[in-house]
Amino acid sequence: MHEYSIVQSMLDLCEKHSKGQEVAKVAVKIGKMSGIEPHFLKESFEVFKEGTVCQDATMDMQIIEITIECQKCKKVAVVDSFNFYCPYCQGGDTKVLTGQEMHIDYIELKEV
Ligand SMILES: [Zn+2]
């Protein structure tokens, strides 16, 4: 499963950033178009965090909407499906601005 390898690399990153300190919270941003199932990601995190610096950490997920920019009228719109037509001028020449990303927003370390 795709989500497992993502969690694995997330934990690696946490390990690196925390320099061995325990992590209290991992905040991630998940674009609606990233292909990641937030539910699975969380589940995988719960399984794989055991024995790592994140073992007591909670995961905070923020879902990023899909926004597109119309190349014709230059308007930016939020779309909820994979409908990338400009809602203003119906133009099909749009550029996806957000929604494809998946990254760690920040890591909160445990107070010592
Ligand atoms: Zn437009």
* To do: Considering (1) touching a Lys or Arg at 6+ places or on another chain (Cβ under 7 Å); (2) loosely packed, with under 15 Cβ neighbours inside 10 Å, say which one GLY20 fails and leave the rest.
  => (1)
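Say we look at segment 1-21 and pick out the residues that are polar (S, T, N, Q) and without any contact (Cβ under 8 Å) to a residue 60 or more places away in the chain; which of these is farthest from MET59 (Cα to Cα)? Please lay out each step first, then the result.
As a first pass, look at segment 1-21 and keep what is polar (S, T, N, Q): 5, 8-9, 18, 21.
Now narrow it down to the ones that are without any contact (Cβ under 8 Å) to a residue 60 or more places away in the chain: 5, 8-9.
Numbers: SER5: 16, GLN8: 14, SER9: 15 Å.
The residue in question is SER5.
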* Go through segment 68-112 and give me each residue that's surrounded by 14 or more Cβ atoms within 10 Å (Cβ to Cβ), within 13 Å of the ligand (Cβ to nearest atom) and assigned to a strand (DSSP E or B). => ILE68, GLU69, CYS70, VAL76, ALA77, VAL79, THR94
* Structure fact -> For segment 87-111, pairs from a residue that is at positive phi to a residue that is away from the ligand (no atom under 14 Å from the Cβ), with Cβ under 8 Å and 6 or more apart or across chains, are GLY99/GLY31; GLY99/LYS32; GLY99/MET33; GLY99/SER34; GLY99/ILE64; GLY99/GLU65; GLY99/ILE66
* Asked: Would segment 49-57 turn up any residue that is part of a strand (DSSP E or B), under 21 Å from the mean Cα position of the chain (by Cα), away from the ligand (no atom under 16 Å from the Cβ) and at pLDDT 95 or above?
  -> no
* Filtered residues of segment 68-93 (kept if at pLDDT 95 or above and of a type in the set (Ser, Thr, Tyr)) -> TYR88
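Here is a check on your reading of the model: is GLN62 at pLDDT 95 or above and open to solvent by less than 70 Å² (accessible area, probe 1.4 Å)? It would help to see each step written out before you state the result.
On the way: at pLDDT 95 or above: yes; open to solvent by less than 70 Å² (accessible area, probe 1.4 Å): no.
Here the answer is no, as GLN62 does not meet what is asked.
The values are calculated or read from the model by the stated rules, or taken from the named source; none is laboratory data. Not measured: the values here are computed from a predicted model. Cβ sites come from the backbone with ideal geometry, for glycine too, and all protein chains shown count toward neighbours. Just the protein is used for accessible areas: all its heavy atoms, side chains included, with ligands, DNA and RNA removed. Shrake-Rupley method; radii C 1.70, N 1.55, O 1.52, S 1.80 Å.
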